[in-house]
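Below is one structure, written out as structure tokens, with a few remarks after it.
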Amino acid sequence: MSAESNAMNTSPSTAPTSQKQSAFIASLKSNGELIAAIISGIIILTAWLTEGILSEPVSVGLYISAFIIGGFAKAKEGIEETIEDKDLNVEMLMIFAAIGSASIGYWTEGAILIFIFAMSGALETYTMNKSQREISSLMDLQPEEALRVHNGKTELVHVSELTIGDHILVKAGERVPSDGEIIKGNTSLDEAAITGESVPVSKEIGAEVFAGTVNINGSITVKITKRSNETLFQKIIQLVQSAQSEKSPSQLFIERFEGTYVKVVLVAVALMMFIPHFAFGWSWQDTIYRAMILLVVASPCALVASIMPATLSAISNGARNGILFKGGVHLENLSHLQAIAFDKTGTLTNGKPIVTDAYFRSDDENLLTVFTSIERESNHPLAQAIVKYGEANNAIEHLDVLNMKDVSGNGVTASVYNKEWKIGKAAFVGEEEAFSFHNGIAEQLANEGKTLTFIADENGIAGLIALKDTIRKDTKRAIQTLRRNGIYTVMLTGDHETTAKAIAKECGIDNYVAECLPEDKVEQVKLLRQSFENVAMVGDGINDAPALATANVGIAMGEGTDVALETADVVLMKNDLPKISNALSLSTKMNRIVKQNVIFSILVIMLLIISNFLQFLNLPLGVVGHEGSTILVILNGLRLLRS
């Protein structure tokens, strides 16, 4: 009993201690480079302040310890990469520079070089860790447990145990554990984790909810529609992780350039150690001193650090704001776009037709009820829209529908009130009579891009309902912004000419191509690429996937099909079209910062090399100028973390 009692008594107190220890160890691992750099700096400062007090061997010992503590991480990284790639790198160049400075008696300068190099390395590591922490914080947003409802009882289960069709209870203030559909209750959800938008979204029965979003003010019962590892939230995490590992063309070029440049610098330093002595009469001390300064200032540290921190910061920024990039290459390419092709249904439009107009014979007030009752027997999207319209206009009576038959591609026939009815296209019910019905209103509605559905009995045309797939509320704003930026816009749709023309005009699109099959969309994107250097395709469906793959940049809507999401290079969460402009702006800003960094770092290197050759520059200033520029370009890249 005493043993058990002791165990019970100690476990609560030891648990927090263990957690603190784990947190402390994790902090040491993530900030190890920074801690080592700071310790190195303290040792250097101590050695410098006590230079006249301590004996020379003690001072040298302090500097050597500063070299080892501050330079270990970068030296290890440089040696491992050199062995693996069989090529020299910047880290090795800095090691040589520090050793070279010490070898000619400049211990302080060599140690400062190591210290600042370690600080810049720690800053770059911070950028990468910051990106990783954002992924970790994203992962933390998805609950690990859920309240499953079964036979009126609730049980707490791990989200991995949830299957499609399960019902879960989500209380006010809780996060949604998995993607699903509300089957009971209504509430407001904070979807900032998915869309980046802070304004809560109202949700009612039938609305879709996503894992990681917060239920604000009401309990809801949700029917699971996706497994926990297939949720939209998990896709976001996977996409951002893959983006961080993929390098941009600029980064790849710098990395290829780095090895050659390091060799050129080493050859130049070797020549600098002899030629000025014989050619210009410099003393051996001056010659070797200038060679060591050249070794320091010619190192391309700032150039190498110009791109990766900026790219990682921009990718993290995009992920926080509902724009997912699958790699730095796509982020870099976006700002160069000259044309964008859009799918219509589900991209420019809501993808759900609604009834806009209804006309019936004046001799029968019950026609809408007949229309609605017959369409209830169909699962066609147009039929569902008509049923929704009918029920909203009090056509709620369920009439007996007999002998329902589907006439493929034309419509349906059915018997109601012992009378035969036809519902469908004009050609199916009688084209001439259909277009003369109600003073020829059908032609006007068709010219507006609306889809027409007629109902007829033995007495002729009894009614006409017009439907239209409405454009998204933010479509016009998105298109206008793109056009102001000089980007050519075109709509690719499978709809017929009249509908396509009307939708394109309403959206403000530059051009449109109607009656496109998937292969036609691919062909149109290829034609655009012949006229424009960089072309994007925006879509959401399976039929858009080939065109998304053909474009320079494929952009998928976040609520689109899995195939579209996997094929695309960029994903816009929640089908938010104005995010395209945000993505272009982020890409432009990143490319501008990268360009600033590259130009600045090259100019600094050139200025330091020339100043050294003209003997204006001493080693301490060379160290500060070179390593200071590296820190500045990293800090400049970190600006992209700000929203």
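The values are calculated or read from the model by the stated rules, or taken from the named source; none is laboratory data. Bear in mind the structure is a predicted one, so any value in this text is a computation, not a measurement. Methodologically, a virtual Cβ is constructed for each residue, glycine included, from the backbone with ideal geometry; neighbour enumeration extends over all protein chains shown. Accessible surface is based on the protein model in full, side chains and every heavy atom, while ligands, DNA and RNA are left aside. Shrake-Rupley method; radii C 1.70, N 1.55, O 1.52, S 1.80 Å.
Consider T470 carefully, then state whether it is assigned to a strand (DSSP E or B), open to solvent by 30 Å² or more (accessible area, probe 1.4 Å) and not small (G, A, S).
Against the criterion (assigned to a strand (DSSP E or B), open to solvent by 30 Å² or more (accessible area, probe 1.4 Å) and not small (G, A, S)), T470 qualifies.
Go through the residues of segment 373-394 one by one and say whether even a single one is open to solvent by less than 10 Å² (accessible area, probe 1.4 Å), in contact (Cβ under 8 Å) with a residue 40 or more places away in the chain and in contact with a helix residue (DSSP H, G or I) (Cβ under 7 Å, 6 or more places away or on another chain).
Yes; the residues of segment 373-394 include at least one that is open to solvent by less than 10 Å² (accessible area, probe 1.4 Å), in contact (Cβ under 8 Å) with a residue 40 or more places away in the chain and in contact with a helix residue (DSSP H, G or I) (Cβ under 7 Å, 6 or more places away or on another chain).
Does A270 qualify as being without any contact (Cβ under 8 Å) to a residue 60 or more places away in the chain, in a helix (DSSP H, G or I) and over 25 Å from I631 (Cβ atoms)?
Taking the combined requirement at face value, the residue satisfies it.
Just one of L402, L368 is open to solvent by less than 80 Å² (accessible area, probe 1.4 Å) and over 41 Å from the mean Cα position of the chain (by Cα); which is it?
Of L402, L368, the one residue that is open to solvent by less than 80 Å² (accessible area, probe 1.4 Å) and over 41 Å from the mean Cα position of the chain (by Cα) is L368.
Checking the structure you have, find out if any residue of segment 410-419 is open to solvent by less than 60 Å² (accessible area, probe 1.4 Å), polar (S, T, N, Q), over 23 Å from K450 (Cβ atoms) and at pLDDT 85 or above.
There is at least one residue in segment 410-419 that is open to solvent by less than 60 Å² (accessible area, probe 1.4 Å), polar (S, T, N, Q), over 23 Å from K450 (Cβ atoms) and at pLDDT 85 or above.
Pick out the one residue from A556, A547, A568 that is over 19 Å from the mean Cα position of the chain (by Cα), within 30 Å of T489 (Cα to Cα) and surrounded by 15 or more Cβ atoms within 10 Å (Cβ to Cβ). Before the answer, list the steps.
Numbers: A556 fails: over 19 Å from the mean Cα position of the chain (by Cα); A568 fails: over 19 Å from the mean Cα position of the chain (by Cα).
Residue meeting the stated conditions: A547.
Looking only at segment 524-535, filter to residues that are within 19 Å of G494 (Cα to Cα) and in contact with a helix residue (DSSP H, G or I) (Cβ under 9 Å, 6 or more places away or on another chain); which one of those is surrounded by the fewest Cβ atoms within 10 Å (Cβ to Cβ)?
Selected residue: K526.
Name every residue in segment 96-108 that is under 18 Å from E56 (Cα atoms), open to solvent by less than 30 Å² (accessible area, probe 1.4 Å) and not aliphatic (A, V, I, L, M), in order of residue number.
Going residue by residue through segment 96-108, those that are under 18 Å from E56 (Cα atoms) are 99, 101-108.
When the remaining residues are screened for being open to solvent by less than 30 Å² (accessible area, probe 1.4 Å), the result is 101-102, 108.
Those that are under 18 Å from E56 (Cα atoms), open to solvent by less than 30 Å² (accessible area, probe 1.4 Å) and not aliphatic (A, V, I, L, M): S101, T108.
Based on this model, can you work out whether E519 counts as within 29 Å of A536 (Cα to Cα) and modelled with pLDDT under 90?
yes
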